[in-house]
Each structure stands twice: as structure tokens, then as C-alpha cells.
Amino acid sequence: MSSVSSLGVGSGLDIRQIVDDLVAAERAPAENRIDRQEERLETEISAFGKVQSLMGDFQSTVAELQDPDSFVSRDTSSSSEAVGISAGDNAEDGSWEVDVQQLARAQRSVLSVDNIEERDEPLGTGEITISSGDRVSTITIDEDNQTLEGIRDAINGSTAGVSASIINDGNGQRLVLNGQDEGADSAFTMDVEGDLAAVLDPDGDGALDELQAAQDAEFTVDGLTMTRSSNEVDDVLDDITLDLESVTDSPATVSVTTDSAGIQSQVESFVEAFNTFQGGIAELTDYDRETEEAGPLNGESSVTGIVSQLRSAITEPVEALEGRAVRSMADIGILTTRSGSLELDASRLDDAVREDPEAVTALFAETGIVDGEGFEFDGAGSASEAGRYPVNVTEPATRGEVAFSGDGFDLSGGDNDIRVEIDGVRSGLLSLPAEEFDSGSDLARALQAAINGDDQLNDAGVGVTVGFDEDTGEFTMASEAFGSASTVEIAEAGATLQEQLGLAVGMTGEGQDVAGTIGGIEAEGSGRTLTGSMGVADGLSVQVDEGEVGDLGVLTFSTGLMSDLDNRINALIGPEGSLTSRESSLNNRLSDLEDDRARLDQRMSRVEDRYIQQFTAMDRMVAELQQTSEFLSQQLPGGGMSGVSL
């Protein structure tokens with residue numbers, strides 16, 4: 001922009017002001033147009049921001065409802081503190097009478113000898129063998145730990161299944177052993193060998209006196225007598241755990257009911273969130289005929305249809321739930337009013353929850369409903385499509401297993417070392433007690449205890465089950481896992497074990513994966529898990545119970561309305577969403593207006609320069625004329641130009 005330090009010298013006019021006024025007058029129409037467009041765009045962009053915020057808030061509620069665990073809730077009650085009850089998602093409503101006659105207890109024993117005066121006095125070396133349930137642990141006592149304190153610490157550091165403590169009963173220091181597990185099968189014994197035996201078991205008739213016997217819980221449920229090794233009973237009623245706290249004087253009534261209040265709260269939150277969203281959009285898009293005022297996005301096609309689009313997604317039925325009592329929002333009491341908002345009939349929702357709670361969950365969230373026995377829903381993949389899928393198992397999953405039989409149960413000859421490899425994990429060298437066992441079942445328990453007590457196997461989380469068939473005289477050793485990864489191998493076996501049990505080095509057994517179809521399409525098996533690998537069932541998986549084969553039932557898989565609703569919202573406000581694109585377009589137009597304003601500034605600068613040049617030239621011309629006038633005035637007779645003016 002040009003700058004002139006003195007304008008109007010010749011003409012006497014305020015040329016600076018004249019130029020500014022001329023430039024402003026020429027600038028005003030274009031600048032006003034840009035200002036109006038900028039104001040309108042900023043209003044629209046702000047309104048789109050409100051739309052994004054409204055949809056984001058609604059989407060947060062939608063996301064919460066995609067969790068199936070948020071719907072299932074069970075209320076439990078007990079008429080007595082003697083019996084507690086808890087229920088999982090799959091528990092059925094009902095009430096039961098529970099009468100407790102005896103609680104399960106762990107064994108408690110004390111060392112028979114009572115003449116040990118000091119905790120830290122040497123007692124001798126040797127070995128302590130503790131047999132507890134299916135565990136057999138041999139603990140070495142040497143010069144470093146031959147005191148009562150050392151023995152206590154060695155027992156507590158072992159996998160014997162008992163804990164040790166020292167008590168002074170006034171006569172001497174006593175070692176007290178407490179079983180870590182309840183139940184009759186967890187009773188334990190302690191044998192002492194070596195020099196230590198002369199101190200702890202001088203009579204050779206057992207080192208322990210029993211203070212409390214290990215015992216099972218004895219109770220009845222609706223009059224049926226039962227025993228369990230634990231006071232926590234989870235295998236009597238489906239997905240229900242009974243906690244036996246004390247013996248009852250009379251039967252306790254325990255019950256499970258579906259808690260519809262929790263589900264109702266979730267559904268009410270959804271209805272409220274949608275109505276808030278709808279009301280906010282209406283404020284931005286409606287036209288008030290009385291005031292003749294329109295919302296900032298009135299007539300904006302990208303916004304006006306959003307509410308009806310999402311309402312349509314909410315109210316349409318779920319095809320996968322065809323034939324069930326609940327398959328649409330109307331079935332649970334969510335209805336559309338004349339104004340387009342949603343309202344909830346709470347009593348209708350309560351009825352639906354009680355009649356078919358699984359379908360209520362499936363209406364909202366991704367879940368699988370099992371109609372049949374012997375399998376359960378395990379999950380789905382991104383490609384899994386909603387629908388009903390018959391589940392057929394042609395081959396059940398099996399465990400890696402070896403079978404063996406020998407001449408007897410006498411291992412007193414020694415050479416009882418064994419090393420096994422379970423599921424690809426090799427154990428350390430294990431040793432069975434050198435004794436003659438009373439039965440094959442006792443020997444099987446000892447073998448299982450030795451293997452499952454191995455540190456390497458424990459660290460890898462693998463183990464075995466060893467059984468004995470009294471009818472056939474055959475032992476079996478099976479991995480606890482299922483499928484092709486389940487293997488058992490006898491890597492080493494002492495001569496006595498080979499002779500008495502029939503074990504042979506190199507014995508191997510491999511499991512097999514479950515095989516079958518989901519929805520008539522061949523599925524892939526891994527252990528007990530059957531997973532669809534193609535088509536509409538791709539990624540859909542079920543867990544099959546051990547030994548199940550044939551047509552097990554139908555899996556109804558629903559992705560839920562909330563998943564579709566969430567996808568539709570993302571299609572609007574996600575990074576590639578239509579509303580996001582529209583808002584981006586408005587911001588681009590706003591940026592273009594800034595460019596227009598910059599170009600206007602440049603053009604007005606050139607106009608100002610032109611005006612200044614023109615007025616400067618005029619002013620110079622006037623100044624020259626004035627000089628000529630003065631000169632002529634001086635030259636003419638009389639000293640002036642009478643009657644002449646410039």
C-alpha cells in the first residue's frame with residue numbers, strides 16, 4: 001500500500017480521508033458478503049459440533065449395552081446364616097431346602113512325642129514322608145534343618161498339602177500339622193525314617209496323634225442326601241454355589257430370582273439417552289412456525305434424517321431370535337410415541353426378563369443361546385453372522401492316555417523311579433515309596449500324587465489322572481488336557497515298576513481334537529473347542545463337553561441391535577463418516593473465505609494505490625496551476641490579473 005506524507009498540499013483537500021472513504025465504499029459489498037458467509041458457516045460448524053457431541057453421548061450408552069454381562073443379574077437369599085448361596089449368569093430361578101448335618105473339615109494332628117524342650121535342638125537326620133490325599137511328599141532332613149523349627153519350615157516349603165506350626169503346651173514343644181484341604185480324602189499320615197525316627201516315632205506306631213479327623217460335608221438338598229469334600233458346593237445346582245457355614249437345626253431355604261431391576265435400569269438409560277439425542281437434534285433442525293425461526297441446521301439433509309435412521313435400527317426385529325418370545329424392542333416394552341421419542345413399559349420389560357432373559361440379552365448384545373445339552377457358546381469372530389446353527393459332533397475330544405497292567409502292587413523291592421512327559425513337558429526323576437500297596441487304587445493314587453507333585457509339570461500347568469479298574473486290573477494314565485496337544489509318554493521306568501505295573505519305556509498316548517459341524521459346515525477342532533472356519537459360521541465357536549457326540553442342539557447367535565446401531569453411528573461420525581465429511585467440507589469453505597478475504601485485501605490495496613496516484617497527480621496539477629497564476633499575477637500590469645481567477 002502506498003504512503004504519501006503530504007496530500008492535498010496543492011488542492012487543500014483531505015485526500016487521505018477521501019481515499020479511505022472511496023476504498024471502504026468499494027470494499028464494503030464484498031466484505032459484507034464474506035462476513036455473512038463466515039457467520040453462517042461458523043454457526044453451522046458449531047451446530048455440527050453439537051450433533052457430534054449428542055451422537056457421541058448416545059454412542060457411549062450404546063457401547064455399554066453391548067456387554068452381555070451388563071444384563072444378566074441374579075438375586076439370591078437364604079433363610080439361615082448356616083447356608084450361603086451365590087448364583088452365576090446361567091442359574092435358573094428357584095428355591096431349595098438345604099439341611100446340613102456335618103461340615104467338611106481338614107485333618108489336624110500333633111507330633112506324638114512331647115519331650116522336645118527346645119525348638120532349635122538337633123533331633124537327627126532322615127526323611128519324612130507325608131501322604132495327603134493324592135499327594136506323597138518326601139522331605140529330607142539333614143544337618144541344616146534337623147531342628148523342630150527346621151522341620152516346620154521344610155514341611156511348609158514342600159508340596160505335601162499340610163502346614164506346620166510349633167506350639168508350647170507347657171510340657172514341651174509340639175509340632176502341629178494342619179491339612180490344607182477339607183474332606184475325608186485329604187487325610188494325611190506321616191512316616192519318619194533314619195535317625196530322626198528314634199526321636200519322632202520311637203515306638204514305630206506312627207508319629208502323629210489326631211486332634212481332628214478329616215471329614216466330608218454331609219447335607220441334604222430337598223431331601224436328597226449328599227456328601228462333598230468341601231463346604232463350598234458348586235456341582236449340585238446348575239451355576240449355583242452353596243456355602244455351608246454351620247450345621248443347621250432345621251432346613252434352610254435358599255432361593256435364586258432374576259433381578260429385573262438391573263436390566264430395567266440399563267434399558268431406562270438407553271431410552272433416556274435416545275430421547276436426549278432426539279431432542280437435541282430437533283432443536284438444531286426444526287422450524288418454529290409461530291416465531292418463524294429455524295434451527296441452524298434446518299434443511300440440512302445430512303442431519304434431518306439421522307433420528308429416523310437410528311430409530312429404524314432400534315425398532316427392527318432381530319432375525320436370529322425368530323420364534324422366541326423376545327425378538328424386538330416392542331417385545332420388551334420399548335415403544336415409539338407420536339413425537340418420535342421412545343417410552344418404556346416397565347411391566348412388559350419385567351415380564352420379558354422373567355420369560356426369556358437370554359433373549360433380552362441377545363436383543364441388545366452379542367451372545368449365543370444354547371438350545372440343547374453337552375455344549376456351550378464360547379465366542380464369535382468378526383465374520384460370524386447372526387443366525388441359528390445346529391451343532392453336530394462326529395468325534396469327541398479325547399485325552400492323551402496310556403494303559404498298562406502288571407503282576408501286582410508290591411514295590412518294596414525298590415527301583416521305583418519314573419520319568420514322564422506330559423503335553424510335551426518332561427518331569428524330573430520321580431520315585432514311588434518302596435512298599436507293598438493294599439490295592440491298585442492305592443497305587444494309582446500314589447503314582448498320580450508323585451507325578452502331579454513334580455515342579456516342572458506344575459510350573460507348566462500340566463498334570464495327569466491315574467486310575468485303576470478293579471474288574472480288568474488295568475491302570476490308565478491320562479493327561480488332564482484334551483486334544484492333539486494332549487500327550488503322555490513314559491520316558492523312564494524302574495525295573496520294579498515295569499514288572500509290577502507293566503510300564504514300558506516309550507509308551508505313548510495322544511489325544512484327538514473334537515470334530516464336527518456348526519450350521520452344517522465343517523468346523524475346526526482344538527481340544528474341546530469347535531470353531532467354524534468358513535461361511536456364515538466363520539469364527540463361531542462352542543465348547544463341547546467330554547464324551548459328547550451326535551446332534552447336540554442348536555446355537556442361536558445374535559450380534560444384538562446395539563452392534564448395528566454402533567456401526568451406523570460410526571458411519572455418521574467416525575473418521576470416514578458422512579457427518580464428519582460434511583463438517584470437514586464446511587471447514588474447508590470457511591478456509592476458502594479466509595482466502596477470499598486475503599484476495600480482497602490485496603485488491604483493495606491496489607485500488608488504494610490507484611486512488612492515491614490519481615489524487616496525487618491532481619494535487620500536483622493544481623499546485624502547478626497555482627504557481628502559474630501567481631507568476632502571471634506578478635507579470636501583468638497593475639501587479640495582478642484583475643477579474644481572472646483560477
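The values are calculated or read from the model by the stated rules, or taken from the named source; none is laboratory data. Keep in mind that what you see is a predicted model, and the values were worked out from it rather than measured. As a convention, Cβ positions derive from the backbone with ideal geometry for all residues, glycine included, and neighbour counts pool all protein chains shown.
Summary table
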| item | result |
| --- | --- |
| Region 98-130 - residue that is basic (Lys, Arg) and closer than 30 Å to Ala217 by Cβ and, of those, surrounded by the fewest Cβ atoms within 10 Å (Cβ to Cβ) | Arg108 |
| Meets criteria (modelled with pLDDT under 90, touching a Ser or Thr at 6+ places or on another chain (Cβ under 7 Å) and surrounded by fewer than 22 Cβ atoms within 10 Å (Cβ to Cβ)) for Asp191 | no |
| Top-ranked residue in region 498-539 [being more than 30 Å from the chain's Cα centre (by Cα) and not in a loop (DSSP other than H, G, I, E, B); ranked as farthest from Leu432 (Cα to Cα)] | Glu510 |
| Enumeration of residues in region 168-188 that are surrounded by fewer than 21 Cβ atoms within 10 Å (Cβ to Cβ), touching a residue at least 12 places away in the same chain (Cβ under 8 Å) and not small (Gly, Ala, Ser) | Asp169, Asn171, Arg174, Val176, Asn178, Gln180, Asp181, Asp185 |
| Odd one out for Ala403 among (1) in contact with a helix residue (DSSP H, G or I) (Cβ under 8 Å, 6 or more places away or on another chain); (2) closer than 30 Å to Asp438 by Cα; (3) at pLDDT 90 or above | (1) |
| Residue list for region 315-341, restricted to those being among the hydrophobic types (A, V, I, L, M, F, W, C) and part of a helix (DSSP H, G or I) | Ala320, Leu321, Met329, Ala330, Ile332 |
| Candidates Arg388, Arg324 - the one that is within 28 Å of Gly547 (Cβ to Cβ) and basic (Lys, Arg) | Arg388 |
| Matching strands (runs of 3 or more DSSP E) fully within region 379-428 where at least 3 residues are in contact (Cβ under 8 Å) with a residue 40 or more places away in the chain, under 45 Å from the mean Cα position of the chain (by Cα) and surrounded by 21 or more Cβ atoms within 10 Å (Cβ to Cβ) | 387-395, 417-422 |
| Leading residue by the ranking (surrounded by the most Cβ atoms within 10 Å (Cβ to Cβ)) among those in region 50-95 that are small (Gly, Ala, Ser) and assigned to a strand (DSSP E or B) | Ala87 |
| Which listed residue is closer than 28 Å to Asn458 by Cβ, without any contact (Cβ under 8 Å) to a residue 60 or more places away in the chain and among the small types (Gly, Ala, Ser), from Ser132, Ser109, Ser137 | Ser132 |
| Residue list for region 429-488, restricted to those being in contact with a Gly (Cβ under 7 Å, 6 or more places away or on another chain) and among the polar types (S, T, N, Q) | Asn452, Gln456, Thr476, Ser479, Ser484, Ser486, Thr487 |
| Set Ala493, Ala504, Ala481: member being closer than 30 Å to Pro390 by Cβ and out of contact with any Pro (no Cβ under 9 Å at 6 or more places or on another chain) | Ala481 |
| Among residues of region 139-177, those that are under 38 Å from the mean Cα position of the chain (by Cα) and part of a strand (DSSP E or B), counted | 2 |
| Sole residue being at pLDDT below 95 and under 15 Å from Val98 (Cβ atoms), chosen from Asp235, Asp243, Asp239 | Asp235 |
| Residue among Asp564, Asp538 that alone is acidic (Asp, Glu), surrounded by fewer than 21 Cβ atoms within 10 Å (Cβ to Cβ), within 20 Å of Gly368 (Cα to Cα) and touching a helix residue (DSSP H, G or I) at 6+ places or on another chain (Cβ under 8 Å) | Asp564 |
| Long-range neighbours under 8 Å by Cβ, at least six apart or interchain, first residue of a type in the set (Gly, Ala, Ser) within region 598-617, second not in a helix (DSSP H, G or I) | Ser605/Met1 |
| Matching residues, region 120-137, being outside any strand (DSSP E or B) and within 14 Å of Ile155 (Cβ to Cβ) | Leu123 |
| Members of region 345-378 that are over 26 Å from the mean Cα position of the chain (by Cα) and without any contact (Cβ under 8 Å) to a residue 40 or more places away in the chain | Asp345, Ser347, Arg348, Asp351, Ala352, Glu355 |
| Test: residue in region 149-169 that is modelled with pLDDT under 90 and among the hydrophobic types (A, V, I, L, M, F, W, C) | yes |
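Yes/no matrix, rows are residues, columns are (1) among the small types (Gly, Ala, Ser); (2) modelled with pLDDT of 95 or more; (3) over 22 Å from Ala160 (Cβ atoms):
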| position | (1), (2), (3) |
| --- | --- |
| Ile418 | no, yes, no |
| Phe437 | no, no, no |
| Gly453 | yes, no, no |
| Asp459 | no, no, no |
| Thr476 | no, yes, yes |
